[in-house]
Amino acid sequence: MLVGIALAVWALVRLALGYPRRDPALRQLSARDQAFVRAAADAVFPPGGALAISGAEAGTLAHVDRYVASLSPRSRVLIRLLFFLLEHATLFFPAPGWDGFRRFTSLTPAQRAAVLEGWGRSPLAVRRTVFQSLRAVLTMAYFANPTVLRAMGLAPLAIESPVVDADLLYPPIGQPRSAVRATPADRERCVPRTPLDPHGPLDPAYREPA
Amino acid sequence: MNDPRAWPGSVRVFADYDRDFRLDADVVVVGSGPCGAVAAYELAAAGKSVVLCEEGPPFTPADYEIDGALSMSRTMREGGLRFTSGTVLPTMQAIALGGGSLVNSAMCNRTPDFRFQEWAEEAELSRTSRAELEPHYDAIAEFLGIAATPDEVQGRRNLLFRDGCKALGYSAESCPRNVVGCRGSGECFTGCRPRAKQSMDISYVPAAIRLGAQVLTSVRVERILASGRRATGVEGRVAAPFTGAPGPSFRVDAKAVVLAAGVVATPLLLQRSGDLANASGQVGEHLQFHPGTSVLGVFPDPVEPVFGATQGYQSLHFLREGFKLETLWAPPGVLAVRMPGLGHPLKQALLDMRFASVFDGIVSCRRSEGRVRERGRSLHPAMRWTFHPDDAAVLGRAIWHMAEIFFAAGARKILPGVAGVPDELHSLAEAEVLRTRRLRPSDIVVASTHVFGTTRMHGDARRGVVDEDLKAHDMDNLYVVDTGVFPRSPAVNPMFTGMALARRSALALAGRV
C-alpha cells in the first residue's frame with residue numbers, strides 16, 4: 001500500500017509538477033511541452049558559437065506551437081507524444097551521472113545534449129528515427145527565424161508575382177470570390193521575368209530590421 | 001473570352017457553400033492533380049459537361065508560406081506527417097487545387113521504353129508502350145510548355161552535378177519541366193511565387209473552366225454511388241480548408257465517374273464505397289514508392305544555393321540498374337534536417353550550407369511493397385510498406401555514385417547521412433566505405449513522394465483493377481486515372497506518364513459517354 005502511494009506521488013511529481021508557468025500566448029503546448037521544447041531547442045542549438053542565436057532565442061517555441069496548431073488532431077497528438085517520450089525516456093536511457101534518470105528538462109545542458117546524442121547515434125533504428133523526428137521539428141522552427149537564414153546566406157529573395165488567369169478566378173483561401181481584386185488589365189503589368197540575382201534584395205519578411 | 005470571370009465554366013470556393021447541393025454532369029472527376037486535371041480538360045474539350053471535385057482549396061501567391069514547415073502543414077495531408085508503418089517512410093500527398101503539381105519540382109520525364117516493355121510482360125498489356133503514349137506526351141508537353149531547364153536559371157548547385165557527371169562519363173540531362181519563364185527561385189516545393197511553374201491550378205484547371213467545366217474546391221468525396229456495374233455519381237461533404245471540418249453535403253450525378261484522388265485516397269474511396277471494383281482483391285495492394293535519400297556536398301567556394309532551379313539536372317545513366325540521380329533543393333530548414341549531430345558542431349556545419357549542393361537518388365524498387373487500408377472509418381490511410389534489403393542495397397549504390405560525382409565536381413567533403421558511416425567523408429578514398437558496405441534498410445533515412453500500384457492496370461481482370469483504358473474491370477463506367485494504375489515503378493518521376501495515361505483514358509471515355 002505504502003509502496004503504491006509512494007509510486008503514485010513520485011509519478012505525479014515526475015509527470016506534472018515543477019514546470020514553469022505556461023506561456024498563455026501559446027495555444028497548443030502545455031507547460032510541460034513548452035519546457036521540453038525550450039530545453040531541447042537549446043540542446044540542439046545552444047547559445048553562442050558560429051551562429052550566435054540559440055534555439056530558444058530564435059523563437060523556436062512559438063514556431064513549434066504555431067506549427068502544431070496547424071496540424072490535424074491526430075498529428076498534434078503524435079507530436080506531443082514525441083515530446084512526452086523524450087522528456088521521460090531518461091528512465092530507460094539515462095543521461096550520464098548519478099542523477100541521469102531525472103526528466104529531460106531537469107537535466108543540466110550538458111546532460112541534455114548527451115541524451116539527445118545517445119538517441120541520434122543509437123544502434124537502434126527506432127531511436128534514431130525518434131531523434132530525427134525531434135530534430136526535424138526543431139530545425140525547421142530554428143530556420144524560420146529570419147536572423148538565422150540571413151546569417152547563413154540562405155534568406156529568400158524578393159519576388160514579385162505576376163497576375164495570371166487563375167488570379168482572376170480564385171480568392172485568397174477562406175475569402176469569397178468577391179475578394180478577387182485582380183482585373184484582366186493586371187495581367188499586362190510588367191513584372192521582371194529574368195533570372196534572379198542571388199545577391200539581390202531579400203523578401204521583405206527576411207530583411208534586416210531598419 | 002479574355003476575362004476568366006466571363007468563361008462558361010466556374011469555380012466554387014469554401015465561402016460559396018451555404019447549403020446542401022446537387023449537380024448533374026456527363027462526367028465527374030475526383031481529384032485535380034496532374035492526372036485528374038488533364039482528364040477534366042480533355043473531357044471538357046470533347047464537349048462533355050464536367051464537374052471536377054477537389055478537397056483542397058485553390059492557393060494564391062498570398063496563401064503561400066515560404067517557411068518549409070508551415071508550407072507543408074498547409075499544403076500536405078496530415079500536415080506533411082504521413083508515414084508508413086513497417087519501414088517508416090515519410091510520404092507526402094498534397095491537398096490543394098492542382099494536387100501535387102502545386103508543390104512538386106515540375107519534373108516531366110517520359111518513362112523509358114524498356115520499362116514499358118517490362119510492364120507489358122508482367123501486366124499482360126498490349127497497348128501501353130512508349131510509342132503508343134508518345135502522342136499524349138507530346139500534346140501535354142506542348143500545352144504546358146515542357147522544356148529542358150535553361151542554363152541561365154540552373155544556378156551553380158545544379159551545374160556542379162552536370163560537371164561531376166561529365167567528368168566521370170555519366171550522362172547528365174537538364175531536367176525537362178512544366179515551367180515557363182523560370183527565374184531560379186528554387187521555391188517549387190512551397191508554391192512558385194514567380195508563377196512560372198505550370199501547376200494544374202494555373203494551367204489545365206483554368207483551361208477546363210474556359211471550356212465549361214465546373215470546379216468544386218473544398219469538397220471531400222466520401223462515397224462513389226453505384227448500381228450494379230454502373231457508377232451513378234459521387235457524394236460527400238464540404239471540407240473547410242486546413243481543418244477539414246465538414247460542412248453541407250453534396251451529390252453529383254454523372255454518366256461516368258473518373259477517380260484521380262491519388263494512389264492513397266483512391267483505394268480508400270473504393271473500399272468505403274462497398275469495396276467497389278475489387279473483385280480481383282487488388283484494390284489497395286501493391287503499394288509502391290520510389291524511396292530516396294539525399295547526400296550533401298560542401299565545396300571550397302560559395303555555391304549560393306538559394307538561386308537555381310529546384311531540380312535542374314538529373315542523370316538517367318543508371319536507370320537499368322534501378323536508380324535515378326538528380327539535384328535537389330528545398331526550404332533550407334527541410335534540408336538541414338538531414339545534417340548530422342547537434343550543438344556547436346551542428347551550428348558550424350549549418351554555415352557550410354552556403355557552400356553546399358544536394359543530390360538525391362531514388363530507387364525503382366523490385367521487391368519493396370505494401371498495402372493501404374482505411375484507418376478505422378476515417379478517410380485517413382493506414383499504410384504498411386517494407387523496404388526490402390535488395391532495394392536498400394541499390395540505394396546504397398546510388399549513394400556511392402553521388403559521392404563519386406561530388407568529388408569529381410570538386411567537393412571538399414560530403415555528408416552521406418548513413419548510419420554507421422562517418423558523418424563527413426573528405427575524399428573518394430574515405431567514401432570507399434559506401435561502395436564496399438552493403439547498406440541495410442535501417443541504415444538509410446528514406447522518404448518518398450512518388451507512389452503507385454494500389455489500383456494497378458492489368459490485362460487479366462483477376463489480377464488488376466483497371467484495363468488499359470483505365471476503366472475498372474468490374475464496372476462499365478468507372479475509371480481510375482492516377483498513378484495508382486502503374487503496375488510497377490516507371491523508373492523516372494511518375495507525373496508525366498500518369499498524365500499521358502490519363503489523357504489517353506479521357507479520350508477513350510469521351511467517345512463512350
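Here region B:292-327 is the region considered, the condition is being within 17 Å of the chain's Cα centre (by Cα) and charged (D, E, K, R), and the residue that is nearest to A:ALA155 (Cα to Cα) is B:GLU326.
Given the options B:GLY247, B:GLY233, name the one that is in contact with a Lys or Arg (Cβ under 7 Å, 6 or more places away or on another chain) and open to solvent by less than 10 Å² (accessible area, probe 1.4 Å). Explain how you work it out, then say what you get.
Numbers: B:GLY247 fails: open to solvent by less than 10 Å² (accessible area, probe 1.4 Å).
Result: B:GLY233 is the single residue among B:GLY247, B:GLY233 that is in contact with a Lys or Arg (Cβ under 7 Å, 6 or more places away or on another chain) and open to solvent by less than 10 Å² (accessible area, probe 1.4 Å).
Where helices (runs of 4 or more DSSP H) sit wholly within region B:76-168, those with at least 2 residues that are under 30 Å from B:ALA508 (Cβ atoms) and not hydrophobic (A, V, I, L, M, F, W, C) occupy B:113-123, B:130-144.
Within region B:131-146, the set of residues being closer than 22 Å to B:VAL205 by Cα and open to solvent by 50 Å² or more (accessible area, probe 1.4 Å) comprises B:PRO135, B:ASP138, B:GLU142, B:PHE143. Within region B:441-490, restricting attention to residues that are touching a Pro at 6+ places or on another chain (Cβ under 6 Å) and of a type in the set (Gly, Ala, Ser), the residue that is most open to solvent (accessible area, probe 1.4 Å) is B:ALA447.
Residues in region B:170-187 include none that are open to solvent by 40 Å² or more (accessible area, probe 1.4 Å), assigned to a helix (DSSP H, G or I) and acidic (Asp, Glu). List every residue pair whose Cβ atoms lie under 6 Å apart, where the two residues are 6 or more positions apart in sequence or sit on different chains, the first residue falls within region B:1-28 and is more than 17 Å from A:LEU168 (Cβ to Cβ), and the second residue, located anywhere, is aromatic (Phe, Trp, Tyr). So the pair list comes out as B:PHE21/B:PHE250.
Please find, among B:SER49, B:SER105, the residue that is closer than 30 Å to B:GLY312 by Cβ and polar (S, T, N, Q). Within the list B:SER49, B:SER105, the selection yields B:SER105.
Against the criterion of being assigned to a loop (DSSP other than H, G, I, E, B) and either at pLDDT 95 or above or among the aliphatic types (A, V, I, L, M) (or both), A:ALA95 qualifies. Cβ-Cβ contacts under 8 Å between residues 6 or more apart (or on different chains), taken from a first residue in region A:5-21 that is more than 18 Å from A:LEU107 (Cα to Cα) and assigned by TED's automatic domain parsing to the domain that holds A:GLY100 to a second residue that is at pLDDT below 80 and surrounded by 11 or more Cβ atoms within 10 Å (Cβ to Cβ), are absent. Within the option set B:GLY79, B:GLY68, B:GLY99, being more than 14 Å from chain A (Cβ to nearest Cβ), under 30 Å from A:VAL130 (Cα atoms) and surrounded by 23 or more Cβ atoms within 10 Å (Cβ to Cβ) holds for one residue only, B:GLY99. Among the residues in region B:303-320, are any crowded, with 18+ Cβ neighbours inside 10 Å and closer than 23 Å to B:VAL485 by Cα? Yes: region B:303-320 contains one or more residues that are crowded, with 18+ Cβ neighbours inside 10 Å and closer than 23 Å to B:VAL485 by Cα.
Of all residues in region A:51-69, those being within 17 Å of B:MET76 (Cβ to Cβ), among the small types (Gly, Ala, Ser) and buried (at least 20 other Cβ atoms within 10 Å of the Cβ) number 0.
Just to be sure before I move on: is B:GLU42 under 30 Å from B:ARG512 (Cα atoms), more than 14 Å from chain A (Cβ to nearest Cβ) and open to solvent by 10 Å² or more (accessible area, probe 1.4 Å) in the structure I sent? Yes: the conditions hold for B:GLU42. For first residues located in region B:118-130 and touching a residue at least 60 places away in the same chain (Cβ under 8 Å), partners that are surrounded by fewer than 17 Cβ atoms within 10 Å (Cβ to Cβ) and lie 6+ apart or on another chain with Cβ distances below 6 Å form the pairs B:GLU124/B:ASP460.
Restricting attention to region B:45-59, the residues being of a type outside the set (A, V, I, L, M), buried (at least 24 other Cβ atoms within 10 Å of the Cβ) and either within 14 Å of chain A (Cβ to nearest Cβ) or touching a helix residue (DSSP H, G or I) at 6+ places or on another chain (Cβ under 8 Å) (or both) number 6. Taking the conditions (1) without any contact (Cβ under 8 Å) to a residue 12 or more places away in the chain; (2) surrounded by fewer than 17 Cβ atoms within 10 Å (Cβ to Cβ); (3) closer than 26 Å to B:PRO332 by Cβ in turn, B:ASP151 satisfies each one other than (1). Just one of the listed residues (B:VAL363, B:VAL337) is open to solvent by 20 Å² or more (accessible area, probe 1.4 Å) and of a type in the set (A, V, I, L, M, F, W, C), namely B:VAL337.
For region B:11-31, indicate whether the set of residues that are of a type in the set (Val, Ile, Thr) and assigned to a helix (DSSP H, G or I) is non-empty.
Within region B:11-31, the subset of a type in the set (Val, Ile, Thr) is B:11, B:13, B:27-30.
In the following step, the residues that additionally are assigned to a helix (DSSP H, G or I) were identified as none.
Checked region B:11-31: no residue is of a type in the set (Val, Ile, Thr) and assigned to a helix (DSSP H, G or I).
So, of the residues in region B:329-348 that are in contact (Cβ under 8 Å) with a residue 60 or more places away in the chain and closer than 17 Å to B:THR190 by Cα, which turns out to be nearest to the other protein chains (Cβ to nearest Cβ)? Break it down into steps so the answer makes sense when it comes.
Of the residues in region B:329-348, the ones in contact (Cβ under 8 Å) with a residue 60 or more places away in the chain are B:329-334, B:338-341.
Among the residues that remain, those that are also closer than 17 Å to B:THR190 by Cα are: B:329-334.
On the way: B:TRP329: 10, B:ALA330: 11, B:PRO331: 7, B:PRO332: 4, B:GLY333: 3, B:VAL334: 7 Å.
Per the stated criteria, the residue is B:GLY333.
Among the residues making up region A:37-60, a single one is out of contact with any Leu (no Cβ under 7 Å at 6 or more places or on another chain), part of a helix (DSSP H, G or I) and not charged (D, E, K, R): A:ALA39.
Can you say whether B:ASP275 is surrounded by fewer than 24 Cβ atoms within 10 Å (Cβ to Cβ), free of Cβ contacts under 8 Å to residues at least 12 places away in the same chain and either among the charged types (D, E, K, R) or outside the structural domain of B:ALA39 (by TED's automatic domain parsing) (or both), as far as the supplied structure shows? Walk me through it before giving the result.
Working: surrounded by fewer than 24 Cβ atoms within 10 Å (Cβ to Cβ): yes; free of Cβ contacts under 8 Å to residues at least 12 places away in the same chain: yes; either among the charged types (D, E, K, R) or outside the structural domain of B:ALA39 (by TED's automatic domain parsing) (or both): yes.
Yes; evaluated as a whole, the condition is true for this residue.
Every residue in region B:337-357 that is in contact with a Leu (Cβ under 6 Å, 6 or more places away or on another chain) and of a type in the set (Gly, Ala, Ser), please. Across region B:337-357, the qualifying residues are B:ALA356, B:SER357. Since B:SER71 meets every condition but one in (1) in a helix (DSSP H, G or I); (2) over 25 Å from B:ALA15 (Cα atoms), which condition does it not meet? Only one criterion in (1) in a helix (DSSP H, G or I); (2) over 25 Å from B:ALA15 (Cα atoms) is unmet by B:SER71, namely (2).
Among the residues of region A:150-204, the ones that are under 17 Å from B:ALA196 (Cβ atoms) and among the hydroxyl-bearing types (Ser, Thr, Tyr) come to 2 in all.
Annotation note: of A:LEU71, A:LEU86, the sole residue that is assigned to a loop (DSSP other than H, G, I, E, B), touching a Leu at 6+ places or on another chain (Cβ under 8 Å) and either more than 12 Å from chain B (Cβ to nearest Cβ) or at pLDDT below 95 (or both) is A:LEU71.
The values are calculated or read from the model by the stated rules, or taken from the named source; none is laboratory data. Keep in mind the model is a prediction, meaning the values are calculated, not measured. Neighbour counts run over all protein chains shown; Cβ positions are idealised from the backbone, glycine included. Ligands, DNA and RNA are excluded from the accessible area calculation, which covers all protein heavy atoms including side chains. Shrake-Rupley method; radii C 1.70, N 1.55, O 1.52, S 1.80 Å.
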